[in-house]
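The values are calculated or read from the model by the stated rules, or taken from the named source; none is laboratory data. All figures in this text were calculated on a predicted structure; none of them were measured in a lab. Ideal geometry is used to build each Cβ from the backbone, glycine not excepted, and the neighbour counts take in all protein chains shown. These accessible areas exclude ligands, DNA and RNA; they are computed on the full protein's heavy atoms, side chains included. Shrake-Rupley method; radii C 1.70, N 1.55, O 1.52, S 1.80 Å.
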Amino acid sequence: MDALNIAKEYDSTQYIVIKIGEEQYGIDIKYVDNILRMQNITRVPHTQPYFKGVINLRGEVVPVMSLRIKMGLEEDVITKNSRIIILKLENNAPVGIVVDEVKEVVSLDERSIDEVSRNSAKSETTFIFGVGKVEEGLISLLDLSTVINEKEIV
């Protein structure tokens with residue numbers, strides 16, 4: 001009975017684990033609309049450096065950004081494992097992010113997530129709301145509302 005009560009007490013959330021360089025990041029699965037193989041991205045002139053361009057997804061024009069560049073890392077290196085993840089946040093149009101690799105889906109409950117202090121001087125920290133602990137190591141959990149700032153994309 002105690003194990004059943006503990007399971008009910010801690011809700012778990014599923015995260016898609018992605019790789020950017022050597023680091024693992026988690027994206028809440030409820031925001032993931034689609035995962036696409038790399039395709040031709042049409043450049044749009046006079047935009048932010050991290051804005052890669054737009055793609056046509058079933059007749060809808062979707063902006064695509066480089067998560068690497070947005071986080072202050074080096075330029076994307078497109079490989080056979082590179083993917084575009086289409087994200088749909090509440091009341092926002094879909095947006096795509098380029099990632100190096102999609103690894104797996106993990107379930108994390110609140111006991112296995114440590115929140116990250118917002119007062120840190122590191123710019124990357126502002127994109128992360130917590131760190132999830134799994135058997136394979138640590139996963140930085142992305143704060144998508146910060147990563148996808150509409151004012152900067154359009």
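Overview of results
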read-out: Rg and Dmax of the chain, Cα atoms only, in Å; value: 16.4, 61
read-out: Sites K88 and T47 - FRET efficiency at Förster radius 30 Å, r taken between beta-carbons, to 0.05; value: 0.90
read-out: Amide proton proximity set for V116, modelled H, under 5 Å, gap of 5+; value: G130, V131
read-out: Candidates G53, G21, G137: whichever shows maximal mean-square fluctuation once the chain is modelled as a Gaussian network with Cα springs under 10 Å; value: G137
read-out: Accessible-area composition of the chain, carbon plus sulfur, in percent [1.4 Å probe]; value: 48
read-out: Solvent-accessible area per residue, Å², over the chain with all protein chains present [probe radius 1.4 Å]; value: 59
read-out: Sites excluded, GluC sites (Glu not before Pro) in DSSP loops with at most 13 other C-beta within 10 Å, longest stretch of the chain; value: 23-73
read-out: Long-range amide H partners of D33 with built H, under 5 Å; value: I86, L87, K88
read-out: Heavy-atom accessible area order for K70, K88, largest first, 1.4 Å probe; value: K88, K70
read-out: Karplus (6.51, -1.76, 1.60) ³J(HN,Hα), θ = phi - 60°, over segment 82-89, in Hz, Gly and Pro reported as x; value: 5, 9, 10, 9, 8, 10, 10, 8
read-out: Zero-based 5 Å bins, Cα pair distances in segment 57-122, whole percents; value: 3, 12, 15, 18, 21, 21, 7, 3, 0
read-out: Length added when fully stretched, L36-T79, from 0.36 nm per residue minus Cα-Cα; value: 14.2 nm
